[in-house]
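I have placed the structure first, in the form of structure tokens, so that the comments after it can refer back to it.
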Amino acid sequence: PAMTPRKIIIDTDPGQDDAVAILLALASPEDIDVLGITCVAGNVPLDLTVRNARIVCELAGKTDVKIFAGCDRPLGRALVTAEHVHGKTGLDGPVLPEPTMPIAEGHAVDFIIDMLREHAPGTVTLCPLGPLTNIATALQKAPDIANRIAKIVLMGGGYFEGGNITPAAEFNIYVDPQAADIVFKSGAPIVVMPLDVTHKALVTTARNDAFRNIGSAVGIAVAQMTEFFERFDKEKYGSEGAPLHDPCVTAYLIRPDLFKGRHINVEIETESELTMGMTVADWWGVTDRAPNATFMGDLEADGFFTLLTERLARL
Ligand code: RIB
Ligand code: CA
């Protein structure tokens, strides 16, 4: 029997890679039912992440998606943004029209709480693609939601790959380490897509040509987004293309078999400035700390890009 689509909330700071993750979800109604998109400050300030989420939904022709504004800064630290990676608008690359679709009434945090209370326990999956401020705030405001969450599938952290904003920390976790600590200690089932796996999702020229050759507005815009986005990683890592971080989250919901990882203990550095936001992943089981997350380490990259290209062609 056909699986019923998984109900999800995408929490995001678009960001070119967030945009591709959102497009993949919206292109996959048989697998994913997007209850709403909640925006958070991260790659760029909140007003721009909300604007970009609207632009992406209009690009997908899905203007009925509920988009909420959320937290505009981390729980206890100043906001750090990443215009150097994503450009001034946060969605540099394609030239897309100013959005006209509405912004939903109410705060993103209240939407997350309401959805988790309205739907049966274990039926709503949270998909954070940016700093975890909205998720942590919802958990603090409504502790009862922790055991109603089916799963948290997030992009963040790194172990073998180290960090991308400091030597020790990945951007999403670094921006709001306290929020990450709350989420990782919440008891909710967590699947982590760290740099260890997202750095294997590299948009080579051939893969980007496949996006462009879809020929649609979506395919061309995605090719232009990744062309803009990749220059940061190419300069820094000499990699053969941009790592598509956030689409690993929505691809996992459709084809978990593309990913491999371990159920281990992951704790967050929240004290030392030197290692602030580091995901201390006990990959080798050298501590007796209880496992709290499935930390991904490997990806079948060709299968991932085939899935992504096929689904984007539907829009
Ligand atoms: O470190 C990569 C993460 O930070 C991605 O989610 C990217 O969009 C940025 O938010
Ligand atoms: Ca992101």
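The values are calculated or read from the model by the stated rules, or taken from the named source; none is laboratory data. Being a predicted model, the structure only gives us computed values, none of them experimental. Glycine gets a Cβ as well: all are built from the backbone with ideal geometry, and neighbour counts include every protein chain shown. All accessible areas refer to the heavy atoms of the entire protein, side chains included, with ligands and DNA or RNA removed. Shrake-Rupley method; radii C 1.70, N 1.55, O 1.52, S 1.80 Å.
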Net dipole in debye of the range 134-209 [+1 Lys, Arg Cβ; -1 Asp, Glu Cβ; about Cα centre; nearest 20]: 240 debye
Gyration tensor (Cα) of the range 175-315, equivalent ellipsoid semi-axes in angstrom: 31, 17, 13
Kirkwood Rh, angstrom, the range 6-153 [1 / mean 1/r, Cα pairs]: 15.2 Å
Extreme residue, positive dipole direction of the chain, given options 139, 299, 254 (C-beta unit charges): 254
Mean separation of Cα contacts under 8 Å, 6 or more apart, over the residue count of the chain: relative contact order %: 19 percent
Residue among 238, 165, 186 farthest towards the positive dipole end of the chain, charges placed on Cβ: 186
Percent RCO, i.e. relative contact order, over the range 191-315, from Cα pairs under 8 Å lying at least 6 residues apart: 34 percent
Long-range Cα-Cα pairs in the range 229-282 (distance over 16 Å), rounded percent: 67 percent
Directionally averaged projected area (convex hull, Cα atoms, the chain), nm²: 15.0 nm²
Mean ellipticity per residue at 222 nm, deg cm²/dmol - from DSSP H runs of n ≥ 4 across the chain, formula -39500 (n - 2.57): -10500 deg cm²/dmol
Antiparallel DSSP beta bridges within the range 155-310, as percent of all bridges there, nearest 5: 80 percent
Positive-pole candidate from 91, 32, 177, dipole of the chain, charges at beta carbon: 32
Residue-level accessible surface for residue 315, protein heavy atoms, 1.4 Å, Å²: 50 Å²
Pair residue 235, residue 206: separation of 7 Å Cα→Cβ label points (nm): 2.8 nm
Positive minus negative residues near residue 167 (Lys, Arg vs Asp, Glu; Cβ under 14 Å): -3
Cα-centred dipole magnitude for the range 7-108, charges only on beta-carbon of K, R (+1) and D, E (-1), debye, nearest 20: 220 debye
Gap separating the Cα centres of the range 253-309 and the range 1-58, nearest whole Å: 21 Å
Environment charge at residue 212 (Cβ cut-off 14 Å; Lys +1, Arg +1, Asp -1, Glu -1): -2
Relative contact order %, the range 62-145, counting alpha carbon pairs below 8 Å whose residues are six or more apart: 40 percent
